[in-house]
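Here is the structure we will look at.
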Amino acid sequence: MKAVLSKVVGGPETLVVEDVPSPVAGPGQVVLSIKACGVNYPDVLIIQDMYQFKPARPFSPGGEVSGVIKEVGEGVTAVKPGDRVLASTGNGGMAEEILIDPSRLTPIPDSMPYDEAAAFMMTYGTSWYALKDRGHLKAGETLLVLGAAGGVGLAAVELGKAMGARVIAAASSQEKVDLAIAHGADAGVVYPVGPFDKDGTKALAQLFKDACGPKGWDVAYDAVGGDYAEATIRASGWGGRFLVIGFPAGIPKVPLNLTLLKSCDIVGVFWGAAVARDPAAHQENVRQLMTMYSEGKIRPHVSETFSLDRAGEAIAHLAARKAMGKVVVVTE
């Protein structure tokens with residue numbers, strides 16, 4: 001089988017595609033024939049040894065996949081060959097096959113295309129956990145989403161609307177804001193490209209305040225980081241909840257006096273660790289997300305697909321913050 005491999009520390013240009021032996025299912029294991037693999041920001045980091053987890057090389061990036069069960073090992077009864085599933089893999093997804101524990105598999109309906117299935121779990125799982133479990137977003141509250149046209153950002157827009165919030169989409173271009181509005185945002189704001197000096201940060205904060213209204217935001221979903229974080233917190237309403245999602249613009253340094261003045265919270269969101277710590281809560285969240293998908297309330301926006309031999313380009317495209325929605329690598 002073919003696999004995209006990270007053999008040395010580096011950017012997407014260091015990845016290679018090689019033939020490797022197909023996996024064989026041992027007791028309690030499953031071999032999945034991969035149809036599609038979602039591309040996420042952790043893929044940008046993991047090949048540079050900048051992610052929380054550093055798998056031994058050589059390894060394939062790709063943390064979420066969809067496909068068809070090829071083989072099950074002894075003792076596996078929850079799934080069978082031919083079943084359509086999606087899976088959270090951590091890594092190893094940019095390949096034609098993967099060996100996986102069946103506990104990581106989620107059945108998908110026949111109506112869900114493989115590209116949407118591969119674009120589903122990490123974005124909606126992260127955003128649902130963030131908004132529901134960490135941000136405690138309530139109907140009628142104002143939600144400000146930074147990076148609103150990216151994979152997790154667009155998921156947060158849709159979920160925020162499904163929860164009854166007033167959603168303000170913030171992104172780096174009008175085209176991206178328009179996409180978020182098409183997916184349910186009530187209004188949008190185009191922010192300039194950073195970094196910012198002190199005056200620039202205050203001007204950006206005023207931009208967010210004007211977009212959210214005099215009471216500010218109740219929940220902010222920050223999938224950008226960098227200097228945008230301080231500006232966002234300056235626009236908080238009283239008792240706001242600032243959700244820390246990711247840092248494509250860099251890891252921010254925030255003056256903590258702002259949290260005192262706003263009586264607001266800075267809340268970390270580590271979805272992957274939460275899934276491992278409380279699998280039962282995760283399964284309930286998955287059930288709720290699948291229900292919303294079947295009801296048409298949420299649907300992944302797959303903006304670009306790349307073949308397996310162009311997986312490095314797919315990761316580079318995401319790293320350059322060009323993606324609008326979700327980028328997916330397909331195997332055929």
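What the table shows:
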item	result
Residue match in region 19-27 (condition: aliphatic (A, V, I, L, M), part of a strand (DSSP E or B) and either in contact with a strand residue (DSSP E or B) (Cβ under 8 Å, 6 or more places away or on another chain) or closer than 29 Å to Gly147 by Cα (or both))	no
Contacts under 9 angstrom Cβ, first residue in region 1-23 being closer than 14 Å to Ile34 by Cβ and touching a residue at least 24 places away in the same chain (Cβ under 8 Å), partner open to solvent by less than 30 Å² (accessible area, probe 1.4 Å) and of a type in the set (Asp, Glu), 6 or more apart	Met1/Glu97; Ala3/Glu97; Ser22/Glu97; Pro23/Glu97
Count of residues meeting criterion [open to solvent by 20 Å² or more (accessible area, probe 1.4 Å), over 20 Å from Pro55 (Cα atoms) and under 22 Å from the mean Cα position of the chain (by Cα)] in region 1-37	1
Meets criteria (open to solvent by less than 20 Å² (accessible area, probe 1.4 Å), closer than 30 Å to Val224 by Cα and of a type in the set (Gly, Ala, Ser)) for Ala56	no
Test: residue in region 79-101 that is in a helix (DSSP H, G or I) and crowded, with 17+ Cβ neighbours inside 10 Å	no
Total residues in region 217-251, condition part of a loop (DSSP other than H, G, I, E, B), open to solvent by less than 10 Å² (accessible area, probe 1.4 Å) and in contact (Cβ under 8 Å) with a residue 60 or more places away in the chain	2
Residue that is nearest to Phe306 (Cα to Cα) [pool: residues in region 29-67 that are part of a strand (DSSP E or B) and out of contact with any helix residue (DSSP H, G or I) (no Cβ under 9 Å at 6 or more places or on another chain)]	Ser33
Val286 assigned to a strand (DSSP E or B), in contact (Cβ under 8 Å) with a residue 24 or more places away in the chain and of a type outside the set (D, E, K, R)	no
Options Ala119, Ala162: the member that is within 23 Å of Tyr293 (Cα to Cα) and surrounded by fewer than 24 Cβ atoms within 10 Å (Cβ to Cβ)	Ala162
Close pairs from region 79-106: first modelled with pLDDT under 95, partner polar (S, T, N, Q), Cβ under 6 Å, at least 6 apart	Arg104/Ser88
Pair list, Cβ < 6 Å and 6+ apart or interchain, from region 130-151 residues that are over 19 Å from Val286 (Cβ atoms) and open to solvent by 20 Å² or more (accessible area, probe 1.4 Å) to residues that are in a loop (DSSP other than H, G, I, E, B) and not aliphatic (A, V, I, L, M)	Ala139/Gly164
Matching option when the condition is within 30 Å of Gly237 (Cα to Cα) and over 22 Å from the mean Cα position of the chain (by Cα), among Ala148, Ala139	Ala139
Count - residues of region 113-130 that are out of contact with any strand residue (DSSP E or B) (no Cβ under 7 Å at 6 or more places or on another chain) and either closer than 11 Å to Ala155 by Cα or at pLDDT below 95 (or both)	5
The one condition in (1) in contact (Cβ under 8 Å) with a residue 40 or more places away in the chain; (2) β-branched (Val, Ile, Thr); (3) touching an Asp or Glu at 6+ places or on another chain (Cβ under 7 Å) that Ile69 fails to fulfil	(1)
Qualifying residue in region 195-205 (condition: open to solvent by less than 60 Å² (accessible area, probe 1.4 Å), free of Cβ contacts under 8 Å to residues at least 40 places away in the same chain and not in a helix (DSSP H, G or I))	yes
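Every residue, every condition in (1) over 26 Å from Gly194 (Cβ atoms); (2) touching a strand residue (DSSP E or B) at 6+ places or on another chain (Cβ under 8 Å); (3) basic (Lys, Arg), yes or no:
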position	(1), (2), (3)
Thr291	yes, no, no
Ile298	yes, no, no
Glu304	no, yes, no
Ser307	yes, yes, no
Arg321	no, no, yes
Val327	no, yes, no
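Matching residues to (1) among the β-branched types (Val, Ile, Thr); (2) within 29 Å of Thr14 (Cβ to Cβ):
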residue	(1), (2)
Gly237	no, no
Pro248	no, yes
Ile266	yes, no
Ala274	no, no
Gln283	no, no
Lys297	no, no
Leu308	no, yes
Ala314	no, yes
Lys322	no, yes
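The values are calculated or read from the model by the stated rules, or taken from the named source; none is laboratory data. All figures in this text were calculated on a predicted structure; none of them were measured in a lab. FYI the Cβ positions are ideal-geometry reconstructions off the backbone, even for glycines, and counts take in every protein chain you see. Surface areas here come from the heavy atoms of the whole protein model, side chains and all, with no ligands, DNA or RNA. Shrake-Rupley method; radii C 1.70, N 1.55, O 1.52, S 1.80 Å.
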